[in-house]
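Everything on this sheet refers to the single structure shown next.
Quick note: the coordinates plus some simple rules give every number you see, no bench work behind them. Nothing here was measured: the structure is a model prediction, and the numbers come from that model. In this analysis, Cβ positions are derived from the backbone assuming ideal geometry, glycine residues included, and neighbour counts consider all displayed protein chains.
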Amino acid sequence: MGAIDIVSYFLILGLLLAAVRVVTTSNVIHAAISLVFTLAITAVIFLLLSAEFVGMVVVLVYIGAVIVLFLFGIMITRAPLGQNAELDNEKNKTLGLVISLSIFALFSYVIINSFDGKMNITEGTSTQVLGEILLTRFVYPFEIVSFVLLAALIGGITLARKDNALIDEDQV
Amino acid sequence: MSFGTEILVKVGVVLAFALNGAVICTLMDVKASAWMQRRPGPLHVGLRGFIFPLAEVIKFIQKEDIVPTKVDKTIFKLAPAFILFSVFGLFVVVPISPTLVVVDLNLGVFYLLAISTLSTLGVLIAGWSSANKYSLMGGLRAAGQLIAYELPLILAVVGVVIQAETMSMVGIVEKQIEWGLPFAIAGQGIAFVIFMIAATAEMMRIPFDMPIGESELVMGFMTEYSGIRFLIFYIAEYINMFVMCAIAATIFLGGYHVPLLPVEWVNFYGPVVLLTKTLGLAFILVLVRWSFPRFREDQLQNIAWKILIPLSLLNIFVTSIMKVVF
C-alpha cells in the first residue's frame with residue numbers, strides 16, 4: 001500500500017464524517033459549511049483520480065456558486081445563530097436511510113460493472129478527451145441541456161420582473 | 001529532491017513571496033495616500049515612514065484577540081482561514097519565469113477562477129457568524145458584489161483563452177512571446193480593462209468598498225474581528241491585490257517577458273520584469289483608490305450586470321469570429 005492509498009483512506013474517512021455531519025447537525029449554516037468540506041474532499045479525490053477538470057468544476061460550480069447562493073438565500077431570509085429544533089425530523093429517518101442505501105447500491109453496481117476498475121484514457125489528458133467527446137459525439141445532448149439553462153433564465157426574469165401596469169408611478 | 005522537501009520549499013517560497021508582496025503593496029498604498037493627502041505619519045515618522053507596515057503588524061499582533069460571547073465560535077474562527085487559503089492558492093499557477101512556477105497546470109486559468117471563489121464563502125460566513133447586524137449587512141453586500149463581479153472576471157479571461165488556444169499560464173505567456181505583443185495590445189484591450197475593474201471589485205477596494213463602507217457599516221463583515229484575526233483580513237486584501245495584479249500582468253501584459261529582450265535569457269530577467277509589471281498595475285489601483293469616491297450599491301450592481309457582462313460577452317463573440325476568420 002503506497003502513500004497515496006493511505007491519503008485516500010483518510011480523505012474518504014473525512015468525507016464520510018463531513019457528510020454525516022451535514023444531515024445530523026441542527027444548524028442550517030453548519031450543515032452548509034459541512035457540505036463545503038464534503039464537496040472539497042470530493043474534488044480532491046477527483047484530482048487524485050486524474051480527473052482534474054471534474055475536480056475543479058466541483059469547486060467552481062458547487063462550492064463557488066451553489067453553496068454561496070444557498071448561504072446568501074438562507075442569510076437574506078432567516079438564519080438564527082445556535083441550534084434550530086425545527087431541522088430535526090424524526091419521522092422520516094427510516095425512509096431516508098432506505099432511499100440513500102438503495103441509491104448507494106445502485107451507483108456502486110453501475111460503476112463497478114461498467115468500468116471494471118480501469119481507466120480508459122489512451123491519449124492526451126482527460127480534459128482534452130472530455131472536450132473532444134462533448135463537442136463531437138455528445139454535441140446534441142450538450143446543446144439540448146443548455147435549453148434547461150435558458151428556461152431557468154426566462155423563469156427567473158419572469159418571477160423577478162415587475163409588471164409596469166401594476167406599479168403605482170407616484171410611489172416609485 | 002524528494003517530494004516532501006520539494007513541497008516544503010515551494011510553500012516557503014510562496015509564503016515569502018506573498019507576504020513580502022503584501023508588505024510592498026501596503027507601503028505603496030500608505031505612501032501614495034500620504035503624498036496625495038499630506039499625511040505626516042507614513043511620510044516623515046520612523047525612517048521616513050518606511051517602517052509603517054512593520055509598526056502596523058506589531059500593533060495588531062499585541063492587541064487582544066476578542067471573540068464576543070454571542071458569536072458562533074467555530075465558524076467565526078474559521079472564516080479568516082477560508083480567505084487566506086483562497087489568496088495563497090492563487091499563487092500556485094503564476095509563473096515568475098518559464099521554469100519558476102509552483103506547478104504549471106493544464107487548466108491553470110480555470111484553477112485560478114475556481115480557487116478565487118472560495119473567498120466569497122469566507123466573507124459570507126464571517127458576516128453571519130459575528131452576530132451583528134452591521135456584519136450581516138456587510139457580508140450580504142459583499143456576497144452580492146463578489147457574485148456579480150466574478151462573471152465579468154471569468155468572461156474577460158475567456159477571450160484570452162480563445163485567442164491563446166490554451167489554459168496553461170505558461171502557455172499563455174509563450175503565445176504572447178510568439179505573437180510579439182502582449183494580449184492587452186494585440187486584441188484583448190477591452191478584456192484587460194474589464195478584468196482590472198472586476199478584480200478591483202473582487203478585492204473590495206475603493207471605489208468598490210460598499211461592503212466595508214466604514215461611514216455606514218462600521219467595518220462591514222470585519223466589524224467584530226480584532227487583533228490578529230483582523231490583521232489576517234487586512235493582509236489578505238493586500239496579498240489579493242498583489243496576486244491579482246500578477247495574474248493580470250501574466251495574462252494580458254506578457255508576464256515575465258518584454259518585447260525586444262532576448263528570449264533565451266528570460267530565466268534571468270523574468271522575475272524582475274513580472275514584479276515591475278505587477279507593481280505598476282498595483283500603483284494604478286492605489287491611485288484609483290485615493291482619487292475616487294465610493295459607488296452606490298445600485299450603481300455598483302448596474303455596472304456589473306448592464307455594462308461589464310454584456311461587453312465581455314461581446315468581446316468573446318468578436319474574438320471567436322476573428323479566430324475562425326484568420
Practice item. Return the average number of partner chain Cβ atoms within 10 angstrom of each residue Cβ along peptide B:114-127. Key: 5
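Explain nothing, just the number: dipole magnitude of the protein assembly as shown about its Cα centre with +1 on each Lys and Arg Cβ and -1 on each Asp and Glu Cβ, in debye rounded to the nearest 20.
Details: 29 positive and 33 negative charges, 191 e Å.
Charge dipole, the protein assembly as shown, about its Cα centre: 920 debye, nearest 20.
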Practice item. Along Cα→Cβ, 7 Å out, is where each label goes; now give me the distance between the ones at A:LEU159 and B:LYS70 in nm to one decimal. Key: 3.2
Study note, to complete from the structure: Taking Lys and Arg as +1 and Asp and Glu as -1, residues besides B:PRO98 with C-beta under 14 Å from its C-beta add up to -3
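Using a 10 Å cut-off around each Cβ of peptide B:217-227, what is the average number of partner chain Cβ atoms that fall inside?
Working: counts 0, 0, 0, 0, 0, 0, 0, 0, 0, 0, 0.
That average works out to 0.
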**Study point:** For the range B:278-320, the spread of Cα positions along each principal axis, largest first, Å
**Key:** 36, 30, 10
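Students often check this: by mean Cβ neighbours within 10 Å, which of A:32-39, B:249-256, A:13-20 ranks highest, and how do the rest follow?
Working: A:32-39: 20.8, B:249-256: 26.9, A:13-20: 14.6.
In decreasing order of mean packing, A:32-39, B:249-256, A:13-20 become B:249-256, A:32-39, A:13-20.
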Practice item. Mind listing the long-range amide H neighbours of B:ASP72? Cut-off is under 5 Å, sequence gap 5 or more, other chains count too, H placed in the peptide plane at 1.01 Å from N. Key: B:ALA131
**Study point:** Per-residue HN-Hα couplings for the range B:98-114 [Karplus 6.51, -1.76, 1.60; θ = phi - 60°; Hz; x = Gly/Pro]
**Key:** x, 9, 8, 8, 4, 7, 8, 6, 4, 9, x, 4, 4, 4, 4, 5, 5
Check your understanding: For the range B:63-325, what class follows from the C-alpha gyration tensor (a ≥ b ≥ c being the square roots of its eigenvalues): rounded when a/c is under 1.5, otherwise prolate if a/b is larger than b/c, else oblate?
Key -> prolate
**Study point:** Residue of B:ILE51, B:ILE125, B:ILE232 that the Gaussian network model of chain B assigns the largest fluctuation, springs spanning Cα pairs under 10 Å
**Key:** B:ILE51
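With Cβ to Cβ distances under 11 Å as the rule, what net charge do the other residues near B:TYR134 carry (K, R +1; D, E -1)? Each step should come with its number before you reach the end.
Values: positive: B:LYS133, B:ARG141; negative: B:GLU214, B:GLU216, B:GLU224.
The answer is -1.
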**Study point:** C-alpha center-to-center spacing [the range B:107-150, the range B:10-43] in angstrom
**Key:** 24
Exercise for review: Provide the per-residue ³J(HN,Hα) series for the range B:13-27, in order, calculated from phi with Karplus coefficients 6.51, -1.76, 1.60 and θ = phi - 60°, each as a whole number of Hz, with x at glycine and proline positions.
Suggested key: 5, 4, 4, 4, 4, 5, 5, 5, x, 4, 5, 4, 5, 4, 4
Practice item. Mind telling me which of B:PHE292, B:PHE195, B:PHE221 comes out most flexible in a GNM of chain B, alpha-carbon contacts under 10 Å? Key: B:PHE292
**Study point:** Lys pairs under 28 Å by Cα in the range B:63-325, provided they are eight or more residues apart or on distinct chains
**Key:** 10
Point to revise | In Hz, Karplus ³J(HN,Hα) per residue of the range B:210-227 (6.51, -1.76, 1.60; θ = phi - 60°; x = Gly, Pro) | key: 3, x, 9, x, 5, 7, 10, 10, 6, 9, x, 5, 9, 3, 7, 7, 9, x
Practice item. Taking only Cα atoms and a 10 Å spring cutoff, compute GNM fluctuations for chain B and point out the largest among B:TYR225, B:TYR269, B:TYR149. Key: B:TYR269
Review point. Let a ≥ b ≥ c be the square roots of the eigenvalues of the Cα gyration tensor of the range A:1-60; is it rounded (a/c under 1.5), or, if not, prolate (a/b larger than b/c) or oblate?
Key: oblate
Check your understanding: Between the range B:56-74 and the range A:126-149, what is the C-alpha centre distance in whole Å?
Key -> 50
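For the protein assembly as shown, what is the Kirkwood hydrodynamic radius in Å, using each pair of distinct C-alpha atoms?
Numbers: mean 1/r = 0.0399 Å⁻¹.
Computed over the protein assembly as shown, the radius equals 25.0 Å.
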Check your understanding: Cα axis of helix B:73-89 to longest principal axis of chain B: angle in degrees, 0 to 90, nearest 10?
Key -> 20
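Label the range B:1-117 by shape, choosing from rounded, prolate and oblate, from the square roots a ≥ b ≥ c of the eigenvalues of the Cα gyration tensor; if a/c is under 1.5 it is rounded, and otherwise prolate applies when a/b is larger than b/c, oblate when it is not.
Working: a/c = 2.11, a/b = 1.33, b/c = 1.58.
Oblate, since a/c reaches 1.5 and b/c is not below a/b.
Can you tell me the equivalent ellipsoid semi-axes for the range B:215-298? Use √(5λ) from the Cα gyration tensor, largest first, whole Å. Present the calculation step by step, with values, prior to reporting the outcome.
Numbers: eigenvalues 239, 53, 16 Å².
They are 35, 16, 9 Å, listed from largest to smallest.
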**Study point:** Exposure proxy order (Cβ contacts within 10 Å, fewest to most) of B:LEU112, B:LEU155
**Key:** B:LEU155, B:LEU112
